[in-house]
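First up is the structure itself, then whatever we jot down about it.
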Amino acid sequence: MARPSPCASCKRRRRRCATDCIFAPYFPSDDPQKFAVVHKVFGTSNVRKMLQELPVHQRGYAVRSLVYEAKAWAIDRVYGCVGYIASLKNQLAEAQNQVSELQKQLDVAQAQELDLNHAANKRNFDLNQRPSREDGPSGLN
Ligand SMILES: [Zn+2]
């Protein structure tokens, strides 16, 4: 029995879309571009083989990954996903450098705070050691 509306793959290949069509759950007819980009990069036959080798519960993730990678190849024909990965690695290294620099600044600020606290404690200690008027000799008043 055929589906009322063929999936994007079957529509593209002008074939009848069987109820057990492996593409139908992932490539609906209302989003032909999703299948077209994957077909262009990987080929329909290869995508079918990849999906057949996977358990059903992993196929959706695989299709999302294939679509993502195919779109990356469409945008960057030289590096594809590797370009994204390199860019993200650079961003990560930059962020790690910023974290490292901020940690150094925090260490300096904490050391300065400790010095200030130490100085304040010493001053309070010195003030407490100074004789007050009540403690002083009565003849000075
Ligand atoms: Zn189909």
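The values are calculated or read from the model by the stated rules, or taken from the named source; none is laboratory data. In this text, all values refer to a predicted model and were calculated from it rather than measured experimentally. Every residue, glycine among them, receives a Cβ derived from its backbone with ideal geometry; neighbour counts consider all protein chains shown.
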Q) Only one residue in Phe42, Phe23, Phe27 is within 16 Å of the ligand (Cβ to nearest atom), more than 24 Å from the chain's Cα centre (by Cα), under 30 Å from Leu88 (Cα atoms) and buried (at least 17 other Cβ atoms within 10 Å of the Cβ), so which one is that? A) Phe27
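Would you say Arg12 is more than 10 Å from the ligand (Cβ to nearest atom) and assigned to a helix (DSSP H, G or I)?
Working: more than 10 Å from the ligand (Cβ to nearest atom): no; assigned to a helix (DSSP H, G or I): yes.
Against the criterion (more than 10 Å from the ligand (Cβ to nearest atom) and assigned to a helix (DSSP H, G or I)), Arg12 does not qualify.
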Q: Looking for whichever is in a helix (DSSP H, G or I), modelled with pLDDT under 90 and surrounded by 10 or more Cβ atoms within 10 Å (Cβ to Cβ) here; the options are Asn124, Asn97. Which one fits?
A: Asn124
**Q.** Criterion violated by Val78 - all others in (1) within 14 Å of the ligand (Cβ to nearest atom); (2) of a type in the set (Val, Ile, Thr); (3) outside any helix (DSSP H, G or I) satisfied
**A.** (1)
Q. Can we say Ser45 is touching a residue at least 24 places away in the same chain (Cβ under 8 Å), within 17 Å of Ser9 (Cβ to Cβ) and in the same structural domain as Arg13 (by TED's automatic domain parsing)?
A. no
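Can you pull out the residues in segment 88-104 that are among the polar types (S, T, N, Q) and over 26 Å from Ala72 (Cα atoms)? Step through it out loud before you land on a result.
First, pick out the residues of segment 88-104 that are among the polar types (S, T, N, Q): 90-91, 96-98, 100, 103.
Scanning segment 88-104 gives Asn97, Gln98, Ser100, Gln103.
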Q: Only residues in segment 22-38 that are over 9 Å from Val67 (Cβ atoms) and in a loop (DSSP other than H, G, I, E, B) count as the first member; pair them with residues that are more than 9 Å from the ligand (Cβ to nearest atom) and polar (S, T, N, Q), Cβ under 7 angstrom, at least 6 apart or cross-chain, and list the lot.
A: Ile22/Gln52; Ser29/Ser5
(Q) Checking the structure you have, find out if any residue of segment 56-72 is outside any helix (DSSP H, G or I) and of a type in the set (Gly, Ala, Ser). (A) no
